[in-house]
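The values are calculated or read from the model by the stated rules, or taken from the named source; none is laboratory data. On a predicted model such as this, the values are computed, not experimentally measured, just so you know. Cβ placement follows ideal geometry from the backbone for every residue including glycine, while neighbour counts extend to all protein chains displayed.
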Amino acid sequence: MENTTEVTEFLLVGLSDDPQVQILLFITFSLIYLLTLVGNLGMTELILLDSRLHTPMYFFLSQLSLVDFGYSSAVTPKVMAGFLTGDKTISYEACVTQFFFFVAFITVESFLLAAMAYDRYAAVCKPLHYTTAMTTKACARLLVGCYCCGFLNASVHTGNVFRLSFCRANVVNHFFCDAPPLLALSCSDSYVSEMVIFFVTGFNDFFSILVIFISYLFIFITILRMRSSEGRSRSVAFGISKVTTLNITIEGQSVHTAPLFLFLFT
């Protein structure tokens with residue numbers, strides 16, 4: 001069967017059809033998006049302007065802020081426009097673009113967290129070699145690698161989802177273009193696409209979490225071997241703050257990935 005796309009636009013269900021609720025949601029999303037914009041871009045500008053923060057850790061933190069702003073901007077403006085105008089339609093091309101950049105930025109974030117964990121491993125476990133290991137060139141290579149993996153992953157997922165035919169209803173049961181609701185609309189056999197998403201997403205998540213886990217495992221082992229109680233307490237406090245940040249980020253990403261696994265196994 002030839003894969004031909006007959007749907008030219010999609011209708012996003014959104015969060016509510018009640019006009020009063022939509023106004024409240026618009027105000028809420030606007031405030032959250034504004035805080036995200038000010039917080040992330042403000043963090044990036046602060047790190048850029050303060051020479052004392054020109055270290056690998058803050059370099060990756062600034063990139064993480066930009067990526068967070070990126071995938072928020074891939075989804076939020078269209079959602080806010082829908083709340084304000086009541087127009088929930090999105091063209092096929094806009095849906096492809098939204099899906100691509102959302103997947104790209106959220107994947108880059110996962111690999112950036114792994115790079116930050118490696119940076120902390122080098123700082124705590126190999127302090128004498130840290131300046132030679134985490135040079136400007138090394139940080140740039142890690143950053144380029146994160147973006148290459150992110151955009152390659154997005155290309156795979158985008159091609160994998162939108163190669164299918166969408167010739168049934170065009171109502172997307174979500175407030176943005178995401179893989180599970182799009183696959184549910186396809187009139188083609190989506191089994192191969194589902195398996196590709198499952199294995200590629202699983203590999204990316206497993207690799208990132210493995211690097212993070214191993215890095216922090218060695219960090220805590222190094223902390224336990226420290227003789228100075230002051231140095232140990234400072235390192236423990238630092239480690240707890242980083243793990244808490246990591247946990248919050250992973251929980252935020254699970255909001256996106258959990259529906260996919262539920263979709264595949266139900």
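Miscellaneous remarks
- Some residue of segment 153-173 being basic (Lys, Arg) and modelled with pLDDT of 90 or more: yes
- VAL144 vs. criteria closer than 24 Å to SER208 by Cα, among the hydrophobic types (A, V, I, L, M, F, W, C) and modelled with pLDDT of 95 or more: yes
- Conditions (1) under 13 Å from the mean Cα position of the chain (by Cα); (2) closer than 19 Å to LEU217 by Cα: number failed by ALA123: (1)
- Unique match (being under 16 Å from GLU93 (Cα atoms) and of a type in the set (S, T, N, Q)) among SER193, SER208, SER155, SER188: SER155
- PHE207 vs. criteria modelled with pLDDT under 90, in a helix (DSSP H, G or I) and of a type in the set (Phe, Trp, Tyr): no
- When residues of segment 38-57 are limited to those that are over 19 Å from the mean Cα position of the chain (by Cα) and of a type in the set (Ser, Thr, Tyr), the one nearest to SER110 (Cα to Cα): THR55
- Residues located in segment 143-181, provided they are part of a helix (DSSP H, G or I) and of a type outside the set (A, V, I, L, M, F, W, C): GLY145, TYR147, GLY150, ASN153, SER155, HIS157, THR158, GLY159, ASN160, PRO180, PRO181
- Scanning segment 44-81 for residues that are over 26 Å from PHE151 (Cα atoms) and touching a helix residue (DSSP H, G or I) at 6+ places or on another chain (Cβ under 8 Å) yields LEU46, LEU53, HIS54.
- Checked against the criterion of being within 19 Å of THR201 (Cβ to Cβ) and touching a residue at least 12 places away in the same chain (Cβ under 8 Å), segment 119-126 contains not a single residue that satisfies it.
- Residue pairs whose Cβ atoms lie under 7 Å apart, sitting 6 or more positions apart in sequence or on different chains, and linking a residue in segment 27-42 that is among the aliphatic types (A, V, I, L, M) to a partner that is surrounded by 11 or more Cβ atoms within 10 Å (Cβ to Cβ) and assigned to a helix (DSSP H, G or I), are LEU37/PHE69; LEU41/PHE69.
- Selection from segment 76-114 of residues that are exposed (fewer than 15 other Cβ atoms within 10 Å of the Cβ) and farther than 17 Å from PHE175 by Cβ: GLU93
- Any chance PHE261 is modelled with pLDDT under 85, aromatic (Phe, Trp, Tyr) and surrounded by 14 or more Cβ atoms within 10 Å (Cβ to Cβ): yes
- Residue, farthest from the chain's Cα centre (by Cα), within segment 152-202, restricted to residues that are surrounded by 18 or more Cβ atoms within 10 Å (Cβ to Cβ), within 23 Å of SER73 (Cβ to Cβ) and free of Cβ contacts under 8 Å to residues at least 60 places away in the same chain: PRO181
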